[in-house]
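In what follows, a structure is listed as structure tokens, so that the remarks can point back to it.
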Amino acid sequence: MNYKEVAVAGTGDLKDGEMKQVSAGETNILLAFVKGKYHALGATCTHYGAPLADGVLNGERIVCPWHHACFNVLTGDREEPPAMDSLPCYDVRVEDGRVLVRIPDEAQDRRTPTMAGRDSADQRLFVILGGGAAGYSAAQTLREEGFQGRILLITRETRLPYDRPNLSKDYLQGHAEPEWMPLRPAEFFDEHAIDVMFGREATRVDATSKTITFSSVIRRRSFPGWKRCYSSDRHREAGGSRRHGFCQLCLCRI
């Protein structure tokens, strides 16, 4: 990967605890001065693209001005939802009264947080009821915090977690494509070993016996072009089987 170094500000442009948006060619950067040191990060929130320079810098935490997602100014790490991805960070150095930022030629506006992988020796199972943004966020957070057991997200929906608030906004107005609605693509769930059980509605949870009771109504999902369950191998290990083209554990078409 090729890099270039660009002067984006003077050393006296910011006071301690201040931040502003600057440009390095076609790349917008959030420049912050914290505890006597400059930091350069992606300039827009990874949720809906809000300009973070319009937000609040509180200590080492950046708060988005729109929906209050939070990021660490030192590392760019996501600290609070609704953002799912972290901010890219860029190397900074000061020379001759100038603040120089080193950026790649193909700079990205986000980065996926580091997550633990699935360890087959870890027999723990964490079940999440509800396939909305909160349920998905819980699954991602488990992997971010190092959980290596099995994660099973159970939803009564027939599709992967999607951006529900946007359905009543840009999507209905025709300003958002259907492809924008899923919070993550199917490949992401497979890569990070997050299993999804579709079409199941829980009616009772018994924490003592660790059992979940479902209603008799089961919805089978139908996704044209999706020919296999993206977690079918793990599901078969857990007792799933193929019948009438469906994985019988999660009801995904194989």
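No lab work stands behind these numbers, since they all come straight from the coordinates. As the structure is a prediction and not an experimental result, all values here were calculated from the model. No Cβ is skipped: glycine too gets one built from the backbone with ideal geometry, and neighbour counts run over all protein chains shown.
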Query - Dipole-positive endmost among Thr11, Val101, Pro81 within region 3-104 (Cβ charges, Cα centre) - result: Thr11
**Report entry** Derived scalar couplings ³J(HN,Hα) [region 192-207; Karplus, 6.51 cos²θ - 1.76 cosθ + 1.60; whole Hz; x for Gly, Pro]
**Finding:** 9, 6, 10, 7, 10, 10, 8, x, 10, 10, 6, 10, 7, 10, 10, 5
Report summary line: Heads up, region 64-176 by the C-alpha gyration tensor (a ≥ b ≥ c square roots of eigenvalues; a/c under 1.5 rounded, else a/b over b/c prolate, else oblate) looks oblate
Report task. State which entries of Lys169/Lys210; Lys35/Lys169; Lys4/Lys35 exceed 31 angstrom in Cα-Cα distance in the structure shown. Result -> Lys169/Lys210; Lys35/Lys169
Report summary line: Placing +1 on each Lys and Arg Cβ and -1 on each Asp and Glu Cβ in region 3-104, then taking the dipole about the Cα centre, the residue among Ala50, His68, Ala40 whose Cα reaches farthest towards the positive end is Ala40
Report task. Would you mind computing the Rg to Rh ratio of region 3-104 from its alpha-carbon coordinates, Kirkwood style for Rh? Result -> 0.95
**Report entry** Paramagnetic reach from Gln108 (point 7 Å along Cα→Cβ, amide N under 16 Å) across region 55-78
**Finding:** 76-78
Report summary line: Measuring from its Cα centre, region 127-201 shows a charge dipole (+1 at each Lys and Arg Cβ, -1 at each Asp and Glu Cβ) which, in debye to the nearest 20, is 280
Report task. Calculate the spin-label point distance for Lys35 paired with His67, positioning each point 7 Å from the Cα along the beta-carbon direction, and give it in nanometres. Result -> 3.0
Requested in this report: Using a 10 Å cut-off on Cβ atoms, rank the peptides 52-58, 81-87, 202-208 from the highest mean neighbour count down.
Outcome: 81-87, 52-58, 202-208
Report task. Express in whole angstrom the spacing between the alpha-carbon centres of region 38-64 and region 1-16. Result -> 17
